[in-house]
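The next block holds one structure in the form of C-alpha cells; read it before the comments.
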Amino acid sequence: MYKILKAEFIAPNVKSFIIEAPHIAKKRQAGQFVMLRVHDKGERIPITIADSSPEEGWINIIVQGLGKTSAHLNTLEVGDHLQDLVGPLGLPTHIENWGTLVCISGGVGTAESLPIAAAGKAAGNRVISIIGARNKDLIIAEEQMAEVVDEVRISTDDGSAGRHGLVTDVLKDLMDEGVIPDMIVAIGPLPMMAAVSDQTKEMGIPTMVSLNAIMVDGTGMCGACRATVGGKTVFVCVDGPEFDGHQVDFKELGMRQKMYKKQEAESHKCFLEQQMKKVKAEEAAKRV
Amino acid sequence: MKREKPQSFNTIPIKERLTIPRQEMPEQDALLRSTNFLEVNLGLTPEQAVVEAQRCIECKNPTCMDGCPVDIKIPDFIQLICKKDFLGAAEKIKEDNSLPAVCGRVCPQETQCEEVCVVGKRFKPVAIGHLERFVADYAMAHGNDSSKSIQKPEPSGQKVAIVGSGPAGLAAASDLIKEGHEVTVFEALHEFGGVLVYGIPEFRLPKAILREEVANLENMGVKFIKNFIVGRTMTIQELMADEGYDAVFLGLGAGLPRFMNIPGENLNGVYSANEFLTRSNLMRGYEFPEWDTPLYRAKHAIIVGGGNTAMDAVRTAKRLGADEATIIYRRSEIEMPARNEEIHHAKEEGVVFMNLVNPIEFIGDEQGNVVAATCLKMELGEPDESGRRRPIPMEGSEFTMDVDMVVIAVGNGSNPLIAQTTPEIKTNKWGNIVADEDGLTSMEGVYAGGDIVSGGATVILAMGAGRKSAAAINKYLKVKVGSVA
Ligand SMILES: Cc1cc2nc3c(=O)[nH]c(=O)nc-3n(C[C@H](O)[C@H](O)[C@H](O)COP(=O)(O)OP(=O)(O)OC[C@H]3O[C@@H](n4cnc5c(N)ncnc54)[C@H](O)[C@@H]3O)c2cc1C
Ligand SMILES: Cc1cc2nc3c(=O)[nH]c(=O)nc-3n(C[C@H](O)[C@H](O)[C@H](O)COP(=O)(O)OP(=O)(O)OC[C@H]3O[C@@H](n4cnc5c(N)ncnc54)[C@H](O)[C@@H]3O)c2cc1C
Ligand code: SF4
Ligand code: SF4
Ligand code: FES
C-alpha cells in the first residue's frame, strides 16, 4: 500500500512524489490534502494533493524538506512505501467564475495553487499566476502552471529571475497596468499570505488564503489546528484549509507554528546525525 | 427474562462469605508509577480471584446483572471462578461482552454492576470488574482466543460495513461476524480502538491488550481497513451502491473538542484534552524524540475539568515530569463525573485538586506561550438541569497563577463529517445522529450507536449500542434476503 511510483527533486530540497492511492485519487478535489506518516514511529503531517489521476490511481505531492518528517520523506525513492496515508481531507476549494482570478504563490505553495488555478481556468476565469521565490532555483512548477493559466509572472528576492522584489510588487504592477482582480488566492509562507491580504484589504479585493496550521489527526478530533478567523476559533482541517485572508489572525497562527520549535530542532538534529552515521557506514562498507 | 440459576461451586456458608474482606487490587507504588507509563493496576492473583469470587452470595435475584448494560451473566462466571475454571469463566463473559479485558479495566463498575450488588448494601460489593479483568487476562495469557472455539458460521453472502473502530464498532463487528456476514471495519486513524487507543492512557489500558482483541476479531474473519475516512475517502452511498455493502453501522464516536471561549485559549501550550492525549497515546509523544511527535513537558500544568478525561490528562502531565499538575474544577469533588478510582489514584500520585475554581483568561508572553491563568472562585447554588448544584462565581475572588501548560477537558461536540457529506442522515441540534431504539438512522440500512448518538458516555454503553444495532442489522438482512429470494 501507498507505494511510491515516482520521486524526483524539482528544486533544491523540494521533491515531487507520485504515490499509489486509487481511492484518494478518485475523490480528491482542488484544495484538499492528505495526512501521512513516513514510518511507524513517525508524525502525521498534512500535505496538499497537487495533482492526481483517477484513471491510473495515483496522487502527486510536492514536499519541501523543512524539519525531521519532511526531510525524512524526501529521502524516500521509487519503490519505497509510506507507512500511512489518508485523505482526501479538508473542504474542496470553492471555485466559481469570478472573472479575473489571480493565484499568488510562494515556495511549495505553487504546487498547492496549481490545482486551484486549473479549476479556476476550467470554470471560465481569466487566470494570472504570480510566483514568488527567494531566487531562481527555488521556483517550482512554473511550466505546469504556464500550461493551465493565461499568464505567469515571476518575482525573486534577489532578482535572479522575473521582477526583482516580492509578489506584492508584482500584484501592484498588474494593477498599475489596469488589471483589476475579482478574486485572489494566495498560498505560501504565512508572511507572504499576510502581506498579500494586507495589500488587498485596502483595495477591497476578496482574498482566499490556505492556512498551514500544525495538525495531528486532520479529522476534526483534536483542535491542534485551530486558528482565529473573524474573531472566531476555527479548526483548519475541517473548516478549511482555505479562509478569507482579510479575517485571519496571522500573528497568532505564526506563533502557533513555532510552538514546537525547540523540539523540532532536536528531532531534526537526531535525524541528521542518523543520516550521517548511515552515510559513513555505507562509505566504510564500500572501502572494505 | 427468566434464567436458570448457575450450578454452585462455593461450599462456604453464606454468613461466612460476608466476613471475607474484599480483595485489594495490587498496584504499582504511587511514587514510582507517577514517573512511568506502565499499568497502575497489576491484576488479582489466581488465589485472590478465587477468594473474591467466594464473596458472592449467589442471589436468587442477581441485581448485579441489572447494573451491567450488556447483561453479563455475572453469577455464572463467578461460580466458574470458584471452580477455578478460569477459561470457562472467560467464555461465559464473552457470550455477552467481546472486550472483557478492556471493560474489566475501564468500566465505572462502582456506578454499574457493583453499585447494585447485594453484598454492597452492607459490605463492600463483590469486585466484579476486577474478576472480569482477571479471567480475561488469564484467558489471554493462556492463548485462549475465542476465534478458535467458535464454529465458523455459514456465510450469509451479505456484507456489512462498520465505520469507526471504537468499542461500539468492535462490539458490532464481533456479533455480525458470528452470523456469517462479511464484515469490514473502516477506521480514519492509523490504529484501531477509537478512544481506547488515542484517549485512554497506557497506564490504565495497555495498548497491547487492544491489539490482541483486534487480532482475535481478525482471526474470526473481520476485515480491518485503516486510513480510510468514510465521507471523504468514500461516502456511505458509495459503500452501499458501488462496493455492495448491504448495511452500515456508524460508530463514529464524539468529535470536536469543546473549548471555553475565554481569552487566551489559542496560546501555545493550551491544549484540548483530545490533542494532549492523542499526542501522548496514539503518537507516543511521551517517548519523544525516539518517537517523532512532540509534546509539552510542563513544570506547572493545569487541567480544566472533572471527568475521566481530565484525570487521564492530569496524570499524563505528571508522568511527563510536571512539578505540579493541578485539576481546576468549577464544582466540588462530589459532583466530579470521573470514576472514584481515578480520582483516588490521581491524589496518590500527587495531583493537586483546586475545586470550586474556574479560569476566565489565559495570559501569554511575547512569543505567544501561556504563562499564567486568571481564575475565579465559585460557590454552589441551586441544582441545575443536570441535577448538580450550579456553580456561581464569587465576587472579587479573582486570582492569577503561573502555569506553563493548560489542558481543557470540558467535553466534546460531535463529529460533523458524516452530517456534512450525507445529508440523508438526520442529526439533532447538538450534531448527534438521530437513531431509534435499534440504532436505525433516517437512512435505510444505516445504523448508528455509541458516543455519536448518545454524546460522550462510556465504553460499555457504546458496546451495548453496537450490539443492539448488530442484532437489528441481522434482522434487517434476513428480511432483505427474504425479499430478494
Ligand atoms: C493543509 C496543509 C497543506 C500543506 N501542504 C504542503 C505541501 O503541499 N508541501 C509541503 O512541503 N508542505 C505542506 N504543508 C506543510 C507541512 O505539513 C509542514 O512542512 C510539515 O508538517 C513540517 O513537518 P516537519 O517535521 O518536516 O517539520 P517541523 O520540524 O515540524 O517544522 C520545521 C519548521 O516548519 C515550521 N512548520 C511546522 N509545521 C508547519 C506547517 N504545518 N506549515 C508550515 N510550516 C510549518 C516550523 O515552525 C518549523 O520552523 C502543508 C500544511 C498544511 C496544514
Ligand atoms: C480520555 C478519555 C477517558 C475515558 N475514560 C473512560 C473510562 O474510564 N471508562 C469508560 O467507560 N469510558 C471512558 N471514556 C468514554 C469512552 O471512551 C467512550 O464513551 C467510548 O470510547 C465511545 O465509543 P465509540 O465506539 O462510540 O467511539 P470512539 O471510541 O470515539 O471511536 C470512534 C472511532 O471512529 C473513528 N471515526 C470517526 N469518524 C470516522 C469516519 N468518518 N470514518 C472512519 N472512521 C471514523 C474514529 O477515528 C474513532 O477511532 C473516556 C473517554 C475519554 C476521551
Ligand atoms: S461489563 Fe462493566 S458493568 Fe458489565 S459486568 Fe463488566 S465491569 Fe460490570
Ligand atoms: S448481586 Fe453481588 S452477591 Fe448477588 S449474585 Fe450478583 S455479584 Fe453475587
Ligand atoms: S488536526 Fe486535529 S482537529 Fe484539525
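The values are calculated or read from the model by the stated rules, or taken from the named source; none is laboratory data. Note that the structure is a prediction, hence the values are computed from the model and not measured. Glycine also receives a Cβ, built like all others from the backbone with ideal geometry; neighbour counts cover every protein chain displayed. Just so you know, the surface numbers come from the protein's heavy atoms only, side chains and all, with ligands and any DNA or RNA stripped out. Shrake-Rupley method; radii C 1.70, N 1.55, O 1.52, S 1.80 Å.
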Looking only at segment B:224-240, which residues are outside any loop (DSSP other than H, G, I, E, B) and either among the β-branched types (V, I, T) or within 14 Å of another protein chain (Cβ to nearest Cβ) (or both)? B:F224, B:I225, B:V230, B:M234, B:I236, B:Q237, B:E238, B:L239
What is the number of the single condition among (1) within 24 Å of the chain's Cα centre (by Cα); (2) surrounded by fewer than 19 Cβ atoms within 10 Å (Cβ to Cβ); (3) assigned to a loop (DSSP other than H, G, I, E, B) that B:E385 does not meet? (1)
Of those in segment A:50-102 that are farther than 22 Å from A:G218 by Cβ and among the polar types (S, T, N, Q), the residue nearest to ligand 3 (Cβ to nearest atom) is A:T75
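From the list B:E191, B:E218, which one is surrounded by fewer than 21 Cβ atoms within 10 Å (Cβ to Cβ) and not in a loop (DSSP other than H, G, I, E, B)? First the steps, then the outcome.
Numbers: B:E191 fails: not in a loop (DSSP other than H, G, I, E, B).
Residue meeting the stated conditions: B:E218.
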Keeping to segment A:34-49, report how many residues are open to solvent by less than 10 Å² (accessible area, probe 1.4 Å), closer than 24 Å to A:V209 by Cα and either away from ligand 2 (no atom under 16 Å from the Cβ) or away from chain B (no Cβ under 13 Å) (or both). 2
Name the one entry in A:D84, A:D80 that is more than 16 Å from ligand 4 (Cβ to nearest atom), more than 30 Å from A:D169 (Cα to Cα) and open to solvent by 30 Å² or more (accessible area, probe 1.4 Å). A:D80
Pick from segment B:161-180 the residues that are in contact (Cβ under 8 Å) with a residue 60 or more places away in the chain and surrounded by fewer than 24 Cβ atoms within 10 Å (Cβ to Cβ): which of them is farthest from the other protein chains (Cβ to nearest Cβ)? B:E179
Would you check if there is a residue in segment A:266-278 being more than 16 Å from ligand 2 (Cβ to nearest atom), open to solvent by less than 30 Å² (accessible area, probe 1.4 Å) and either assigned to a helix (DSSP H, G or I) or more than 20 Å from B:G368 (Cα to Cα) (or both)? yes
Which strands (runs of 3 or more DSSP E) does segment A:1-113 wholly contain that include 1 or more residues that are near ligand 1 (Cβ under 10 Å from one of its atoms)? A:14-20, A:33-37, A:45-48, A:58-64, A:84-89
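For the structure I just gave you, tell me whether B:C64 is farther than 28 Å from B:R211 by Cβ and away from ligand 5 (no atom under 16 Å from the Cβ).
yes
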Look through segment B:282-324, keep the residues that are open to solvent by 10 Å² or more (accessible area, probe 1.4 Å) and of a type in the set (S, T, Y), and return whichever of them is farthest from the chain's Cα centre (by Cα). B:Y296
Suppose we filter B:V197, B:V185 for residues that are assigned to a helix (DSSP H, G or I), touching a residue at least 24 places away in the same chain (Cβ under 8 Å) and either in contact with an Asp or Glu (Cβ under 9 Å, 6 or more places away or on another chain) or open to solvent by less than 10 Å² (accessible area, probe 1.4 Å) (or both); which single one remains? B:V197
Within segment B:458-465, can one find any residue that is out of contact with any helix residue (DSSP H, G or I) (no Cβ under 7 Å at 6 or more places or on another chain), part of a loop (DSSP other than H, G, I, E, B) and not assigned by TED's automatic domain parsing to the domain that holds B:G306? yes
Could you tell me how many of the residues in segment B:89-104 are open to solvent by 20 Å² or more (accessible area, probe 1.4 Å) and part of a helix (DSSP H, G or I)? 3
Just checking: which of the helices (runs of 4 or more DSSP H) contained wholly in segment B:248-362 hold 2 or more residues that are at positive phi and not assigned by TED's automatic domain parsing to the domain that holds B:V403? none
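So that you can scan it fast, the table gives a plain yes or no per residue for (1) more than 25 Å from A:L91 (Cα to Cα); (2) modelled with pLDDT of 95 or more; (3) more than 16 Å from ligand 4 (Cβ to nearest atom); (4) touching a strand residue (DSSP E or B) at 6+ places or on another chain (Cβ under 6 Å):
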{"site": "B:Y245", "(1), (2), (3), (4)": "yes, yes, yes, yes"}
{"site": "B:T278", "(1), (2), (3), (4)": "no, yes, yes, no"}
{"site": "B:T293", "(1), (2), (3), (4)": "yes, no, yes, no"}
{"site": "B:N308", "(1), (2), (3), (4)": "yes, no, yes, no"}
Among residues belonging to segment A:186-221 that are touching a Pro at 6+ places or on another chain (Cβ under 7 Å) and without any contact (Cβ under 8 Å) to a residue 40 or more places away in the chain, point out the one that is nearest to the other protein chains (Cβ to nearest Cβ). A:G220
Restricting segment A:117-155 to residues that are assigned to a loop (DSSP other than H, G, I, E, B) and in contact with a helix residue (DSSP H, G or I) (Cβ under 8 Å, 6 or more places away or on another chain), the residue that is surrounded by the most Cβ atoms within 10 Å (Cβ to Cβ): A:A141
When you scan segment B:149-160, do you find a residue that is part of a helix (DSSP H, G or I) and open to solvent by less than 50 Å² (accessible area, probe 1.4 Å), even just one? no
Counting just the residues of segment B:434-452 that are open to solvent by 10 Å² or more (accessible area, probe 1.4 Å) and under 26 Å from A:G87 (Cβ atoms), which one comes out nearest to the other protein chains (Cβ to nearest Cβ)? B:D451
Of the conditions (1) exposed (fewer than 12 other Cβ atoms within 10 Å of the Cβ); (2) within 20 Å of B:N369 (Cα to Cα); (3) modelled with pLDDT of 85 or more, A:Q257 satisfies every one except a single condition; which number is it? (1)
Just to be sure before I move on: is B:S272 facing chain A (nearest Cβ under 8 Å), crowded, with 22+ Cβ neighbours inside 10 Å, in contact (Cβ under 8 Å) with a residue 60 or more places away in the chain and small (G, A, S) in the structure I sent? yes
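Let me confirm something: among A:L85, A:L66, which residue is within 19 Å of the chain's Cα centre (by Cα) and within 11 Å of another protein chain (Cβ to nearest Cβ)?
Step by step, each of A:L85, A:L66 is checked, and only A:L85 is within 19 Å of the chain's Cα centre (by Cα) and within 11 Å of another protein chain (Cβ to nearest Cβ).
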When you look at B:E187, is it in contact with a Lys or Arg (Cβ under 7 Å, 6 or more places away or on another chain), modelled with pLDDT of 95 or more and away from chain A (no Cβ under 14 Å), yes or no? no
For segment A:180-198, check the following and say yes or no: at least one residue is open to solvent by 20 Å² or more (accessible area, probe 1.4 Å), among the acidic types (D, E) and assigned to a strand (DSSP E or B). no
Given the options B:E114, B:E110, name the one that is among the acidic types (D, E), open to solvent by less than 20 Å² (accessible area, probe 1.4 Å), within 15 Å of ligand 4 (Cβ to nearest atom) and within 26 Å of B:N308 (Cα to Cα). B:E114
